[in-house]
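A.B. asks: Pasting a structure here, questions to come.
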Amino acid sequence: MKLYLSQGVTEFLDDFSKSLPHAVLLTGPVGAGLGTLAAHMAQTNGTLLVQVAPEVKRTGSLAAISIERIRELYTETRSRQNTPSFVIIDDADAMTTAAQNSLLKLLEEPNESIHFVLTSHSPDRLLPTIRSRVRTLAVPPLSKLESRRLLRAIGIKDELAEQRLLFVADGLPAELTRLAETDGDFKDLSERVNKARRLIEGSTYDRLAAVQSLSEDRAATLKVIETVILLLRRSLASNPDQATLQFIDRLLGASEAIRANGHVRLHLASAVVN
């Protein structure tokens, strides 16, 4: 995917190439293209040594990065490289607490030729000790003009299609690209946005019906919560409102409880009906 970057991110990349810090954390909303940006940083400044991503260990569980996988990095990063070499950890907040503590040792005792690039849509779930040892870049969304340029660059010329894509993924380059190229993904996201809007704007009955429709699908529920929070934060940009901030806080709490194997419908219902 071609990179579409804000001026601030471009300046960060220039500075990164000059200084090559030991560890960087990229943050931003789902669809911001953090993985693409991380790969670009590795490819343009050296070589990608290894890439770590969450894995599902058992049916019904959420994808996670285990301590065993992080311990493997001890061997994979032991040798000194002739050129800068990069370790990408996608969705680093999916590391278990034990895995994060294990990674901390690598960050504290760096191999000078190894550079870590972590990505996270939920950086608050990372240990403060990890966040204190990385240089953080919050990747901002594209402007509406930049989003339109991206859609036209990938061949979207129909005005209605452009409007639909901008409605559900404005400012998110990876999401815009994926949806524009895959009809099935666009349909899935449209349904998710419809559920999100029902949770925001619907009556109590509508909200509870939307909660019920999610059943016990933990991963799907978390995606809907992310979408609700994204829509609410967009509304805050133009209309700061204390009730909306409180709603977001309840949703974040529900998300954490559901991730911790809490009851899906109970926690979501408690967050959206107040």
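For (1) modelled with pLDDT of 85 or more; (2) over 30 Å from residue 149 (Cα atoms); (3) touching an Asp or Glu at 6+ places or on another chain (Cβ under 7 Å); (4) assigned to a helix (DSSP H, G or I), each residue gets a yes or a no:
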| residue | (1), (2), (3), (4) |
| --- | --- |
| 175 | no, no, no, yes |
| 185 | no, no, no, yes |
| 234 | no, no, no, yes |
| 237 | no, no, no, yes |
| 246 | yes, yes, no, yes |
| 252 | yes, yes, no, yes |
| 258 | yes, yes, no, yes |
| 261 | yes, yes, no, no |
| 271 | yes, yes, no, yes |
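A.B. asks: Considering only residues of region 206-224 that are polar (S, T, N, Q) and more than 15 Å from residue 271 (Cβ to Cβ), which is surrounded by the fewest Cβ atoms within 10 Å (Cβ to Cβ)?
C.D. replies: Among residues in region 206-224 that are polar (S, T, N, Q) and more than 15 Å from residue 271 (Cβ to Cβ), the one surrounded by the fewest Cβ atoms within 10 Å (Cβ to Cβ) is 215.
A.B. asks: With respect to residue 50, determine if the residue is of a type in the set (A, V, I, L, M), part of a strand (DSSP E or B) and touching an Asp or Glu at 6+ places or on another chain (Cβ under 6 Å).
C.D. replies: So residue 50 passes the test.
A.B. asks: Considering only residues of region 76-118 that are among the hydroxyl-bearing types (Ser, Thr, Tyr) and in contact with a Gly (Cβ under 6 Å, 6 or more places away or on another chain), which is nearest to residue 55 (Cα to Cα)?
C.D. replies: If we take residues in region 76-118 being among the hydroxyl-bearing types (Ser, Thr, Tyr) and in contact with a Gly (Cβ under 6 Å, 6 or more places away or on another chain), then 85 is nearest to residue 55 (Cα to Cα).
A.B. asks: Out of (1) buried (at least 17 other Cβ atoms within 10 Å of the Cβ); (2) part of a helix (DSSP H, G or I), what's the single condition that is false for residue 171?
C.D. replies: So residue 171 meets the others, but not (2).
A.B. asks: Something else now. Which residue is farthest from the chain's Cα centre (by Cα), if the candidates are limited to region 108-124 and must be part of a helix (DSSP H, G or I) and surrounded by fewer than 17 Cβ atoms within 10 Å (Cβ to Cβ)?
C.D. replies: 108
A.B. asks: Considering 130, 70, which residue is touching a Ser or Thr at 6+ places or on another chain (Cβ under 6 Å), at pLDDT 90 or above and either in a loop (DSSP other than H, G, I, E, B) or of a type in the set (A, V, I, L, M, F, W, C) (or both)?
C.D. replies: Exactly one of 130, 70 is touching a Ser or Thr at 6+ places or on another chain (Cβ under 6 Å), at pLDDT 90 or above and either in a loop (DSSP other than H, G, I, E, B) or of a type in the set (A, V, I, L, M, F, W, C) (or both), namely 70.
A.B. asks: Can you tell me which of 206, 158 is in the same structural domain as residue 257 (by TED's automatic domain parsing), of a type in the set (Asp, Glu), over 19 Å from the mean Cα position of the chain (by Cα) and over 26 Å from residue 94 (Cα atoms)?
C.D. replies: That would be 206, the only listed residue that is in the same structural domain as residue 257 (by TED's automatic domain parsing), of a type in the set (Asp, Glu), over 19 Å from the mean Cα position of the chain (by Cα) and over 26 Å from residue 94 (Cα atoms).
The values are calculated or read from the model by the stated rules, or taken from the named source; none is laboratory data. Given the structure is predicted, the values throughout are model-derived calculations rather than measurements. All Cβ positions, glycine included, derive from the backbone under ideal geometry; neighbour counts span all protein chains shown.
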